[in-house]
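As structure tokens, the structure follows; a few thoughts come after it.
The values are calculated or read from the model by the stated rules, or taken from the named source; none is laboratory data. Source: prediction; values computed, not measured. Cβ placement follows ideal geometry from the backbone for every residue including glycine, while neighbour counts extend to all protein chains displayed.
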Amino acid sequence: MRTDLDLPGRPQDNRVVVAMSGGVDSSVVAALLKRCGYDIVGVTLQLYDHGAAVHRKGACCAGQDIHDARRVAEAIGIPHYVLDYEDRFRQAVIDRFAESYASGETPIPCVDCNQRIKFTDLLNTARDLGAAALATGHYVSSRAAANGGRQLLRGRDPDRDQSYFLYGTTRDQLALLRFPLGDLSKDETRDLAREFGLHVAEKHDSQDICFVPNGHYADIVGRLKPEAGEAGDIVHVDGRLMGRHKGIMHYTVGQRRGLGLSTGEPLFVVGVEAATRRVFVGPREALAVRRIVLRDVNWIGEDGFERIPEEGLDIFVKVRSTRPPAPALLRVGASGPEVLLSEAEEGVARGQACVFYDAAQGQARVLGGGIIAAVEKPPMPVPEAELVQTR
């Protein structure tokens with residue numbers, strides 16, 4: 001557990017803004033740093049969109065959460081501010097989420113929220129308040145690098161590690177960010193919350209996207225992008241027309257349930273084509289991916305991205321937040337940055353993140369990552385003459 005924060009001078013001479021979501025993690029961070037003597041200011045971003053009717057009880061940074069953050073701040077004796085970021089959140093996260101889904105992608109709104117709200121606008125607020133650092137309750141770590149900057153590291157507990165969602169953090173942002181919980185497990189964090197007497201010690205973690213009621217993301221996408229609810233064909237990868245669907249927003253790569261197909265074989269969604277409103281299905285082996293083309297790459301390695309050797313760089317990557325890092329080769333191909341997986345992965349979808357980890361440091365250091373723009377799968381027979389009939 002890091003509580004010295006690598007800041008010069010005495011703790012009491014350093015103001016630290018803590019991003020308080022009302023949950024147990026950020027509450028413990030505020031209490032820990034307060035106990036260490038730092039000048040703590042708690043800030044909560046009000047993010048949910050009243051006008052879009054996406055608020056749900058327990059949503060991130062809404063209603064009860066703001067109340068909980070305020071109670072914790074009062075209990076530990078720190079000032080607390082609530083900033084209204086509903087419009088910014090709608091534009092930077094919710095609208096982009098709906099647009100991505102409508103284009104046949106599987107987006108990760110938490111990445112957008114970190115990149116475009118928490119680590120940009122909130123960092124600017126911290127600077128305006130004269131803070132030396134912004135601390136969050138993420139389960140990652142950072143430490144000083146040899147070049148004078150800071151490195152981003154995976155959390156010690158692999159089950160809680162959140163580095164997948166923070167790959168878009170820039171070097172300038174890392175210089176001000178601190179993550180005191182990186183060496184803790186969730187159980188250890190809850191133990192600290194009980195020790196501090198925080199009322200949120202037993203509060204459940206949110207399992208859904210914060211602005212999606214009960215996980216029904218199609219409701220949000222359908223309202224903001226009605227074209228994503230238009231019917232289309234379900235096509236087998238071998239060319240057979242399998243049936244009709246009620247909108248591509250109901251399907252994502254790797255999905256098996258809810259296809260509405262009666263067949264003697266297990267079928268999975270292997271692709272979504274927004275332009276033709278077609279959903280492609282096939283056997284599990286059709287999900288296998290070896291080559292991934294990336295866009296919007298963010299690189300925080302000490303050496304510049306342009307220094308990647310022509311033959312490529314051996315790294316580890318995560319293509320899903322719940323999967324362990326897997327060996328891969330990062331290189332710059334004809335289509336731009338791409339990753340060649342040592343072993344095929346299933347359920348890799350456009351719009352998801354592919355995060356890079358340093359193979360030379362035991363997969364602990366985050367080198368960056370990018371958004372999956374395209375994937376190359378093993379060749380599957382798709383007779384063109386049969387597919388024409390489905391268009």
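Key figures
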read-out	value
Sole exception among (1) within 25 Å of Leu367 (Cβ to Cβ); (2) in contact with a Pro (Cβ under 8 Å, 6 or more places away or on another chain); (3) surrounded by 19 or more Cβ atoms within 10 Å (Cβ to Cβ) for Ala328, by number	(2)
In the range 117-134, residue surrounded by the fewest Cβ atoms within 10 Å (Cβ to Cβ) [restricted to those that are touching a residue at least 60 places away in the same chain (Cβ under 8 Å) and more than 18 Å from the chain's Cα centre (by Cα)]	Gly130
Qualifying residue in the range 165-176 (condition: farther than 25 Å from Ile117 by Cα and among the hydroxyl-bearing types (Ser, Thr, Tyr))	no
The range 354-368, residues that are surrounded by fewer than 24 Cβ atoms within 10 Å (Cβ to Cβ) and either closer than 29 Å to Phe97 by Cα or not assigned by TED's automatic domain parsing to the domain that holds Phe305 (or both)	Arg365, Gly368
Test result for Arg320, of a type outside the set (Phe, Trp, Tyr), loosely packed, with under 14 Cβ neighbours inside 10 Å and not assigned by TED's automatic domain parsing to the domain that holds Gln255	no
Filter result for Val221 (surrounded by 14 or more Cβ atoms within 10 Å (Cβ to Cβ) and in a helix (DSSP H, G or I))	yes
Selected residue (only one of Phe179, Phe196 is at pLDDT 90 or above, closer than 30 Å to Arg71 by Cα and surrounded by fewer than 21 Cβ atoms within 10 Å (Cβ to Cβ))	Phe196
Subset of the range 165-223 (residues that are among the small types (Gly, Ala, Ser), touching a residue at least 24 places away in the same chain (Cβ under 8 Å) and within 30 Å of Ala274 (Cβ to Cβ))	Gly168, Ser206, Ala218, Gly222
Residue list for the range 311-361, restricted to those being free of Cβ contacts under 8 Å to residues at least 60 places away in the same chain, acidic (Asp, Glu) and in a loop (DSSP other than H, G, I, E, B)	Glu311
Count of residues meeting criterion [touching a residue at least 40 places away in the same chain (Cβ under 8 Å), among the small types (Gly, Ala, Ser) and part of a loop (DSSP other than H, G, I, E, B)] in the range 3-39	3
When residues of the range 275-296 are limited to those that are part of a strand (DSSP E or B) and hydrophobic (A, V, I, L, M, F, W, C), the one surrounded by the most Cβ atoms within 10 Å (Cβ to Cβ)	Val279
Listing of helices (runs of 4 or more DSSP H) fully contained in the range 64-182 that carry 2 or more residues being farther than 25 Å from Leu198 by Cβ	86-89, 95-102, 109-113, 121-128, 171-174
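Here is a yes/no grid of residues against (1) out of contact with any helix residue (DSSP H, G or I) (no Cβ under 7 Å at 6 or more places or on another chain); (2) small (Gly, Ala, Ser); (3) not assigned by TED's automatic domain parsing to the domain that holds Tyr101:
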site: Lys186; (1), (2), (3): yes, no, no
site: Leu198; (1), (2), (3): no, no, no
site: Lys203; (1), (2), (3): no, no, no
site: Ser206; (1), (2), (3): yes, yes, no
site: Cys210; (1), (2), (3): yes, no, no
site: Gly222; (1), (2), (3): no, yes, yes
